[in-house]
1. Residue pairs, Cβ under 8 Å, 6 or more apart or interchain, first in region 135-155 and within 11 Å of residue 107 (Cα to Cα), second of a type in the set (S, T, N, Q) and at pLDDT below 95. List them.
2. Considering 348, 341, which residue is surrounded by fewer than 22 Cβ atoms within 10 Å (Cβ to Cβ) and either within 25 Å of the chain's Cα centre (by Cα) or in the same structural domain as residue 262 (by TED's automatic domain parsing) (or both)?
3. Scan 112, 99 and give me the residue that is outside the structural domain of residue 327 (by TED's automatic domain parsing), outside any helix (DSSP H, G or I) and within 28 Å of residue 302 (Cβ to Cβ).
4. Could you count how many residues in region 51-89 are among the aromatic types (Phe, Trp, Tyr) and surrounded by 18 or more Cβ atoms within 10 Å (Cβ to Cβ)?
5. If I filter region 142-173 down to residues being of a type in the set (Lys, Arg) and either surrounded by fewer than 17 Cβ atoms within 10 Å (Cβ to Cβ) or closer than 21 Å to residue 81 by Cα (or both), which single residue comes out as farthest from the chain's Cα centre (by Cα)?
6. Just give me the residues in region 136-173 being part of a strand (DSSP E or B) and either within 24 Å of residue 206 (Cβ to Cβ) or of a type outside the set (D, E, K, R) (or both), in sequence order.
7. Tell me, yes or no, whether region 29-45 has at least one residue that is within 30 Å of residue 330 (Cα to Cα) and either in the same structural domain as residue 331 (by TED's automatic domain parsing) or out of contact with any His (no Cβ under 6 Å at 6 or more places or on another chain) (or both).
Amino acid sequence: MDKMVITGGKPLKGEVKVSGAKNASLPIMAASLLTRGWNTFYNIPDLADIKTISLLLTSLGVKVERGNMVRVNAENISSVEAAYDLVRTMRASILVLGPLVARMGEARVSLPGGCAIGARPVNLHIRALQEMGAEVELKEGYIEAKARRLRGANIYFDISTVTGTENIMMAAALADGTTIIKNAAREPEVVNLAEVLNRMGARVWGAGTDVIRIDGVSELRPVEASVIPDRIEAGTFMLAAGITGGDITVLDCDPSHQDALVSKLQEAGIGVKIYERAVRVIGSDSIKSVDVKTAPYPGFPTDLQAQIMSLMTLGSGLSVITETVFENRFMHVSELLRMGADIVVRGASAVVRGVEKLKGAPVMATDLRASASLVLAGLAAEGKTVISRIYHLDRGYERLDEKFRSLGADIERVKDKK
């Protein structure tokens with residue numbers, strides 16, 4: 001098992017390019033199940049989660065070719081079962097449920113796994129499919145759904161759910177009649193999926209708002225399409241500039257996706273310059289403590305909560321970070337404490353009192369974004385930090401160590417001798 005070894009204390013400087021968005025790539029690849037023939041997707045990152053969705057699609061009889069681009073052909077679907085061994089490692093595997101029921105009339109999908117950051121129940125997906133006429137049962141850890149043909153329905157989500165919105169958008173694309181999704185997720189990844197579906201011949205309106213309308217069609221065609229830049233990776237590099245007092249220009253990103261983060265960086269006294277497809281972040285000698293409350297897009301992303309907490313450990317005062325999206329997303333706190341941070345968790349909030357400096361220590365990654373927060377802390381800390389269980393990083397960051405080295409970081413991925 002690999003470890004990340006970081007000797008911190010160096011201001012990071014230079015330019016870095018952002019990879020394609022993992023959270024857009026996964027639903028877009030799943031959408032291939034709705035078509036017959038070769039789909040070609042560009043800007044798909046080389047990540048563990050992409051390998052997982054590729055293996056999952058292959059297990060359904062789908063042809064997947066990965067290289068500079070990803071090509072997917074679902075002409076012949078030979079199975080409608082997404083098995084536990086594949087689904088258990090990635091919650092986004094639930095995204096094959098809607099397309100399979102819409103295209104094949106049935107699906108058997110294992111209840112998903114993934115990062116241990118909260119329940120993230122799938123009941124919203126199930127109820128929506130039932131409202132569209134599907135018969136759904138939970139049997140032996142699997143969701144079994146059947147429908148001769150899905151029909152349009154008015155769907156209201158009790159809470160904003162990204163994968164739920166995406167799943168029902170895909171299912172509704174081949175349903176009879178019109179589906180209205182209310183309290184729909186507004187994330188850019190949802191918009192990207194809607195754009196790809198429309199290129200396939202779907203009729204989707206309102207993506208990016210909280211009401212999405214889908215008029216079902218009889219069939220969809222394969223397409224060529226590109227995935228948007230990864231806004232969470234971009235935000236991680238922006239925070240890296242702030243925590244190390246560096247000067248980083250993040251290229252190939254969409255600055256409009258970073259409004260919430262930019263606002264907090266500026267409030268913290270960190271310089272930000274916005275360009276058409278780039279953001280430059282210039283660190284400050286003194287980081288002001290700011291309060292952060294996560295929320296569905298366009299609010300502050302839960303996927304950057306751990307990273308901004310690392311920044312706030314070096315703030316000049318007191319910061320209160322409140323997590324409203326997932327109920328178990330403070331597992332990085334105990335590891336930051338090992339590095340000298342002063343953090344107290346009180347229910348859904350973490351009170352962070354800034355310290356003069358962090359100190360390198362052996363720490364353990366517990367989930368994807370917690371891993372990134374520990375990397376940021378290690379980059380700023382005095383001395384050496386060794387991060388174990390970094391396989392979590394491979395799920396969402398492409399060549400992160402290489403990219404940080406290009407900015408001047410002393411960071412190395414090493415094999416655990418054990």
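The values are calculated or read from the model by the stated rules, or taken from the named source; none is laboratory data. Nothing here was measured: the structure is a model prediction, and the numbers come from that model. Positions of Cβ are backbone-derived with ideal geometry, glycine not excepted, and every protein chain shown enters the neighbour counts.
1. Once the first residue is within 11 Å of residue 107 (Cα to Cα) and sits in region 135-155, its partners that are of a type in the set (S, T, N, Q) and at pLDDT below 95 give 142/110; 143/110.
2. After ruling out the rest, the residue left standing is 348.
3. Details: 99 fails: outside any helix (DSSP H, G or I).
The conditions single out 112.
4. At the first step, the residues of region 51-89 found to be among the aromatic types (Phe, Trp, Tyr) are 84.
Add one more test, that the residue is surrounded by 18 or more Cβ atoms within 10 Å (Cβ to Cβ), and what stays is none.
Going through region 51-89 one residue at a time, the tally reaches 0.
5. Only one residue fits best here, namely 148.
6. Narrowing region 136-173 to residues part of a strand (DSSP E or B): 136-139, 142-146, 151, 154-156.
Answer for region 136-173, where residues must be part of a strand (DSSP E or B) and either within 24 Å of residue 206 (Cβ to Cβ) or of a type outside the set (D, E, K, R) (or both): 136, 138, 142, 143, 145, 151, 154, 155, 156.
7. Yes, there is a match, as at least one residue in region 29-45 is within 30 Å of residue 330 (Cα to Cα) and either in the same structural domain as residue 331 (by TED's automatic domain parsing) or out of contact with any His (no Cβ under 6 Å at 6 or more places or on another chain) (or both).
Okay, residues lined up against (1) assigned to a helix (DSSP H, G or I); (2) assigned by TED's automatic domain parsing to the domain that holds residue 366:
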| position | (1), (2) |
| --- | --- |
| 222 | no, no |
| 235 | yes, yes |
| 262 | yes, yes |
| 289 | no, yes |
| 298 | no, yes |
